[in-house]
Each structure stands twice: as structure tokens, then as C-alpha cells.
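Here is the structure we will look at, set down as C-alpha cells.
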Amino acid sequence: MMLRWVILALLIGVCVSVDVKEKKEGEKSKKSESSSRSRGWGKDLKWAKDYVDALGKTTKSHKPLMVIHHLEDCPHSKALKKAFAEDKTIQKMAKDDFVMLNVVEETTDRNLAPDGYYVPRIIFVDPLNTVRADIIGRYPDRKYAYSPTDLELLAENMKKVVALKHTEL
């Protein structure tokens, strides 16, 4: 009889330890999945899988969406990515105040390319899923382009988008 209780206790202990291990592995998998989606733009940020996922998260969280369009082999994209990832202010705002999505394949949604299909470009979408075509960079021929020297303007635009949440929406 005592042997049965010992075997039962061992069996329960094994089951609990396997369950805990599976939960930890699941959490690691989710974290590494989001990290791999960062593509170097910020490993500590939570990245949406795709545009549909991002819009859902935006609606649910009431946070605006920042969509970064880039190409892995584009020198301008690489330079902006490096500066973006190293800027503590932008990383903090991105982490705390935005749903983040970066895409390397071009979208067919014309709203995400209001003035053309170039990279890098950053488009903001408010929590009502409206593309904020009024939040632009400083280049008249590529309104949504930013360069590494434009991070101060990008930070200002990020603040504008967050402020819209409190005034317009």
C-alpha cells in the first residue's frame, strides 16, 4: 500500500515538472518568435505577425500602429534600422505606446503607400484603423521616409500620434 502512494507521488511530480517545462518552452518560443519578427528593429519590442494581426492588436489595445516598410538589403533601410534600434527614446515609446509591425514584402493596400512604394517608410495607423496620412517626415517627394538623422522628427511624430488618441479619438 505504501509503495502505491510513493509511485503515485512520483508520477504526479513528473507530470507537474513536464507541465512547467512545457510552459517555459512555450514562453521562450513566443519570445523568440517575436524577436525573430523584429528583424533587428528592436528585440525587446513585441512585433505583430502581419497587418491583420497588427490591426486586431491596435483595436484591442487602443494603441496606434507603427508600420515600418523596409528591405533587408537596402542600405537606407539598414541605416535607419541601426539608428532606430539604438535610440532609447524611440525604443521606449515603441514598446510602451505602439503596436509594432515591420514588413519586408510590399503590401497591396494602397493606404499603406499613400505616395508610393519606396523604402524605408513609416506609416502610422490610429486605433480606429485609420491610416494617418497627416503624420509625415520631412521629404516632400517621399512623405513617409525617415533617415537616421530624422529620429528626432520621428520621435515627435510618435508623440503626435499618441496625443491624437487622447484628443481626436
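The values are calculated or read from the model by the stated rules, or taken from the named source; none is laboratory data. Please read these numbers as outputs of a predicted model, since none were measured by experiment. Please note: Cβ atoms are built from the backbone with ideal geometry, for glycine as well, and neighbour counts cover all protein chains shown.
Below are the figures for this structure:
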item: Test: residue in the stretch 40-62 that is at pLDDT below 60 and assigned to a helix (DSSP H, G or I); result: no
item: Every residue from the stretch 147-169 that is touching a Pro at 6+ places or on another chain (Cβ under 9 Å) and under 15 Å from PHE98 (Cβ atoms); result: MET158, VAL161, VAL162, LEU164, LYS165, LEU169
item: Condition met for GLU156 (out of contact with any Lys or Arg (no Cβ under 9 Å at 6 or more places or on another chain) and farther than 25 Å from SER36 by Cα); result: yes
item: Subset of the stretch 142-169 (residues that are among the acidic types (Asp, Glu) and either buried (at least 16 other Cβ atoms within 10 Å of the Cβ) or modelled with pLDDT of 95 or more (or both)); result: ASP150, GLU152, GLU156
item: Leading residue by the ranking (nearest to SER147 (Cα to Cα)) among those in the stretch 72-89 that are under 16 Å from the mean Cα position of the chain (by Cα) and surrounded by fewer than 15 Cβ atoms within 10 Å (Cβ to Cβ); result: LYS82
item: The stretch 93-118, residues that are within 12 Å of the chain's Cα centre (by Cα), surrounded by 12 or more Cβ atoms within 10 Å (Cβ to Cβ) and of a type outside the set (Val, Ile, Thr); result: MET93, ALA94, LYS95, ASP97, PHE98, MET100, LEU101, ASN102
item: Criterion (among the aliphatic types (A, V, I, L, M) and within 22 Å of HIS62 (Cβ to Cβ)) met by exactly one of VAL119, VAL161; result: VAL161
item: Unmet requirement for MET100, which otherwise passes all of (1) of a type outside the set (Ser, Thr, Tyr); (2) free of Cβ contacts under 8 Å to residues at least 60 places away in the same chain; (3) part of a loop (DSSP other than H, G, I, E, B); (4) in contact with a strand residue (DSSP E or B) (Cβ under 9 Å, 6 or more places away or on another chain); result: (3)
item: The stretch 103-145: number of residues that are outside any loop (DSSP other than H, G, I, E, B), closer than 20 Å to GLU156 by Cβ and not hydrophobic (A, V, I, L, M, F, W, C); result: 1
item: Test for PHE124: is it buried (at least 17 other Cβ atoms within 10 Å of the Cβ), touching a helix residue (DSSP H, G or I) at 6+ places or on another chain (Cβ under 6 Å), of a type in the set (Phe, Trp, Tyr) and touching a residue at least 40 places away in the same chain (Cβ under 8 Å); result: yes
item: Selection from the stretch 65-97 of residues that are in contact (Cβ under 8 Å) with a residue 40 or more places away in the chain and among the charged types (D, E, K, R); result: LYS81, LYS82, ASP87, LYS95, ASP97
item: Selection count, the stretch 150-169, where residues are in a helix (DSSP H, G or I) and touching a residue at least 12 places away in the same chain (Cβ under 8 Å); result: 13
item: Conditions (1) without any contact (Cβ under 8 Å) to a residue 12 or more places away in the chain; (2) within 21 Å of LEU55 (Cα to Cα): number failed by THR107; result: (1)
